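I have placed the structure first, in the form of structure tokens, so that the comments after it can refer back to it.
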Amino acid sequence: MKKSLLILAMFIGAAASAQDMTSKKGTPILPEAGDWSIGIGANSTLEYFGNLMNGSNSAPSFDWPGSQNVIHGKMMKDENTAYRIGLRIGFNSGKTTEADPQEGELSETKTSAMDINLMGGIQKYRGKGRLRGFYGGEVGFGIGSDKTTMTYEGDAPQGSTLEDKKGGTFEFGIRGFIGAEYFFAPKMSVAGEFGWGIGLGSQGEGEQTIADGTGGSDSAKTGKSSNFSIDTDNAGGSIILNFYF
């Protein structure tokens, strides 16, 4: 974590003296009004990690920029203002078939999950040269679901799970952020960011279906969970590569 920020600081410091605002071909270094950008989390490259929303069985929580599976972007309103967006729409399913070596029977497990995350905000810039400070705020929310179903060729063993349906997850957060962005090439930059915010997460009641060993089954509800937090949301900083076009 500290190593990643040190690398970023050395990179910026080594190049800070180069303040020409156009390339040798006359291409503007800084983004212009109407430009869009795509942000790529660089933390893994610099031995760091991050995650926006998690879909674990416990109540979900936020860990904003530099996250996996979320597409980050910006739209420049003017040279000192940008709108930020983030989006993830994920659906997945799977099937596994296994044979019981003693009974010679087959069992089949099916899984399905859904994760949808959306975030948006505004970013303001300060400074003139290639190195610019920024600050702003954003809001985000997410929903998710998770289900596992198992079927057997014969009677399911007593106590085995036939279906495990997790309660739906809901996440909401609002945060402020501050950071710096260095443009090392025309409309290409590396940015470091810190944030502080409020996060809410909840997971609804789920249901499990258990085999009774005689061809029947029993159902039981699973508990709910929720959390609330006010904290820095990316301790150590988040590092993102930005490409404007």
Practice prompt. Could you tell me which numbered condition residue 105 fails, if it satisfies all but one of (1) surrounded by fewer than 17 Cβ atoms within 10 Å (Cβ to Cβ); (2) under 22 Å from the mean Cα position of the chain (by Cα); (3) modelled with pLDDT under 90?
Written response: (2)
Worksheet, complete the sentence: Quick count over the stretch 181-225, residues being farther than 25 Å from residue 166 by Cα and either among the acidic types (Asp, Glu) or not in a strand (DSSP E or B) (or both), is 5
Worksheet item: Restricting the first residue to the stretch 82-101 and requiring it to be at pLDDT 95 or above, which pairs with a second residue that is among the aromatic types (Phe, Trp, Tyr) and surrounded by 11 or more Cβ atoms within 10 Å (Cβ to Cβ) meet a Cβ separation below 9 Å and a spacing of at least six or different chains?
Response: 82/125; 82/134
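Which ones in the stretch 147-165 are surrounded by 21 or more Cβ atoms within 10 Å (Cβ to Cβ) and at pLDDT 95 or above?
Of everything in the stretch 147-165, nothing turns out to be surrounded by 21 or more Cβ atoms within 10 Å (Cβ to Cβ) and at pLDDT 95 or above.
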Worksheet item: of a type outside the set (A, V, I, L, M), surrounded by fewer than 12 Cβ atoms within 10 Å (Cβ to Cβ) and either out of contact with any strand residue (DSSP E or B) (no Cβ under 6 Å at 6 or more places or on another chain) or without any contact (Cβ under 8 Å) to a residue 40 or more places away in the chain (or both): does that describe residue 120?
Response: no
Worksheet item: When only residues in the stretch 160-190 that are touching a residue at least 60 places away in the same chain (Cβ under 8 Å), out of contact with any helix residue (DSSP H, G or I) (no Cβ under 8 Å at 6 or more places or on another chain) and of a type in the set (Gly, Ala, Ser) count, which is nearest to residue 136 (Cα to Cα)?
Response: 173
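The values are calculated or read from the model by the stated rules, or taken from the named source; none is laboratory data. Small disclaimer: the values here were computed from a predicted structure and weren't measured. Don't worry about glycine lacking a Cβ; one is built from the backbone with ideal geometry, like all the others, and counts go over all protein chains shown.
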